[in-house]
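Take a look at the structure below.
The values are calculated or read from the model by the stated rules, or taken from the named source; none is laboratory data. Remember, predicted model here, so these are calculated numbers, not experimental data. For neighbour counting, all protein chains shown are included, and Cβ atoms are generated from backbone atoms with ideal geometry for every residue, glycine included.
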């Protein structure tokens, strides 16, 4: 019910906007515009009609917008993939540096040890040392190009 009253009020307000427009020129040449004819020289001005809407232009615009959204989505996906690849490369470099550092330590250490369950140090024998060196070399091969 409230919408009907609002619509009626809106129509009443908009009706004068559709009325004629008069251009009046007085004796001194001053021009005035109004919604009522004036005495003397008045001319009715017909406002230009709004241009017709071309459905093809709208459809073309919608297709172009759809293509642009698809391009933006593809571009965002490419940027995300590139950022992931850069992060993976950075992580790989970090692991390579750690592996090289560990290989240098294992290779140059006079003795190697492991920590026992009770917290004490247990020196590695020759076989364990060789295994540790082989693992360090394998890590360098795995992480470094």
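Looking at 43, 111, 39, just one residue is exposed (fewer than 10 other Cβ atoms within 10 Å of the Cβ), in contact with a strand residue (DSSP E or B) (Cβ under 7 Å, 6 or more places away or on another chain) and either at pLDDT 85 or above or outside any helix (DSSP H, G or I) (or both), and that residue is 111.
Consider the stretch 114-136 and keep the residues that are touching a residue at least 12 places away in the same chain (Cβ under 8 Å) and either in a loop (DSSP other than H, G, I, E, B) or surrounded by 13 or more Cβ atoms within 10 Å (Cβ to Cβ) (or both). The one that is farthest from the chain's Cα centre (by Cα) is 124.
Here is a check on your reading of the model: is residue 60 modelled with pLDDT of 95 or more and in a helix (DSSP H, G or I)? So residue 60 fails the test.
Within the stretch 1-35, the set of residues being at pLDDT 55 or above and more than 21 Å from residue 49 (Cα to Cα) comprises 24, 25, 26, 27, 28, 29, 30, 31, 32.
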